[in-house]
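The values are calculated or read from the model by the stated rules, or taken from the named source; none is laboratory data. Remember, predicted model here, so these are calculated numbers, not experimental data. Cβ: placed from backbone, ideal geometry, glycine included. Neighbour counts: every protein chain shown.
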Amino acid sequence: MDRISLPQTCFDILSKEVALERVTGFEDLEHLKLANGEDGGSIQIYKGEKIEKVTMVEFEFNREGVPLPHLKNELALGAQLFQIVPDFSYKIPIWGINGNIMKNGDFGFDTDFSFGFDLVMDYEFTMRYLDPFNAVYKKYWNHPDFKRVHLDDTTTWVRSYISPVFIIVETTLDKANTVYDLCSEFIKLWVRIWKEAERKDEAFKEAQKRRILSQYSGMKDTDRMAMILKKIYGEGTFSKFFKAMS
């Protein structure tokens with residue numbers, strides 16, 4: 001089976017621009033166990049300037065694969081995730097990408113920025129950062145290596161958590177380099193925002209936190225993959241994972 005490593009690749013790209021250091025207190029997540037006691041992958045967490053948390057997740061399921069009901073019960077061998085959570089004192093979005101490694105060689109993933117502020121009310125930010133990114137976004141949204149999954153096939157659009165550059169596609173593990181190229185472009189934009197961001201007041205920080213935490217609290221109970229992970233790893237490990245992510 002071809003190998004893909006989103007978390008490590010994204011970490012390597014980001015760490016060339018931002019100094020990162022390991023976060024302590026989550027050592028028990030660095031060697032995950034499945035509910036049946038088998039090895040189940042790892043979670044590593046870092047932090048940096050203007051960054052509250054960078055999370056690298058590699059879930060490894062059993063060799064037989066785990067059926068994913070929302071993907072026609074196709075068997076998954078694992079899942080991977082990389083996420084950057086900023087210090088909410090700054091006007092910087094979360095960026096994340098996550099994907100499922102399928103037994104048949106398929107790889108489906110989605111990526112997006114999550115904003116703790118309303119883009120509709122911030123025209124200047126949108127035109128400064130997202131409008132110039134549109135060409136890159138369309139390049140990958142229409143890339144021949146990717147089969148695009150339309151947003152209205154997967155979710156109800158909600159302005160508060162789906163951005164204008166949301167991408168969800170199906171591809172195969174042998175197209176990993178194209179996925180890495182996409183990650184590089186998203187991280188490049190994120191780093192530009194990060195470099196130019198200036199500290200805001202405490203009211204701005206708290207407003208961002210409330211908005212993002214409301215998203216996470218809803219996802220914990222409704223996200224389809226979250227329900228599967230809870231079953232595979234058990235309630236205790238899943239709760240620790242969710243704490244690490246939020």
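For segment 123-148, the tally of residues that are free of Cβ contacts under 8 Å to residues at least 24 places away in the same chain and assigned to a loop (DSSP other than H, G, I, E, B) stands at 2.
Within segment 16-23, is even one residue closer than 28 Å to Thr172 by Cβ and in contact (Cβ under 8 Å) with a residue 60 or more places away in the chain? Within segment 16-23, none of the residues are closer than 28 Å to Thr172 by Cβ and in contact (Cβ under 8 Å) with a residue 60 or more places away in the chain. Considering only segment 174-197, I want to know if a residue exists there that is in contact (Cβ under 8 Å) with a residue 40 or more places away in the chain, within 18 Å of Ile101 (Cα to Cα), in a helix (DSSP H, G or I) and more than 17 Å from the chain's Cα centre (by Cα). Yes; the residues of segment 174-197 include at least one that is in contact (Cβ under 8 Å) with a residue 40 or more places away in the chain, within 18 Å of Ile101 (Cα to Cα), in a helix (DSSP H, G or I) and more than 17 Å from the chain's Cα centre (by Cα). Scan segment 38-54 and give yes if some residue there is among the aromatic types (Phe, Trp, Tyr) and in a strand (DSSP E or B), otherwise no. Within segment 38-54, one or more residues are among the aromatic types (Phe, Trp, Tyr) and in a strand (DSSP E or B).
Any residue in segment 37-52 that is crowded, with 17+ Cβ neighbours inside 10 Å and over 24 Å from Trp190 (Cβ atoms)? Yes, some residue in segment 37-52 is crowded, with 17+ Cβ neighbours inside 10 Å and over 24 Å from Trp190 (Cβ atoms). A search for C-beta distances below 9 Å between a residue of segment 101-119 that is among the polar types (S, T, N, Q) and any residue that is modelled with pLDDT of 95 or more and part of a loop (DSSP other than H, G, I, E, B), counting only pairs 6+ apart in sequence or on different chains, returns Ser114/Pro93. Here Phe146 fulfils each of the conditions (1) surrounded by fewer than 16 Cβ atoms within 10 Å (Cβ to Cβ); (2) at pLDDT 95 or above apart from (1).
For segment 24-37, give me each residue that is free of Cβ contacts under 8 Å to residues at least 24 places away in the same chain and not in a loop (DSSP other than H, G, I, E, B). Of everything in segment 24-37, just one residue is free of Cβ contacts under 8 Å to residues at least 24 places away in the same chain and not in a loop (DSSP other than H, G, I, E, B), namely Glu27.
Just wondering, is there one or more residues in segment 193-212 that are touching an Asp or Glu at 6+ places or on another chain (Cβ under 9 Å), closer than 16 Å to Phe109 by Cα, modelled with pLDDT of 95 or more and surrounded by 14 or more Cβ atoms within 10 Å (Cβ to Cβ)? No: zero hits. Being more than 17 Å from the chain's Cα centre (by Cα), not in a loop (DSSP other than H, G, I, E, B) and not small (Gly, Ala, Ser), is that true of even one residue in segment 1-16? No, the conditions are met nowhere in segment 1-16.
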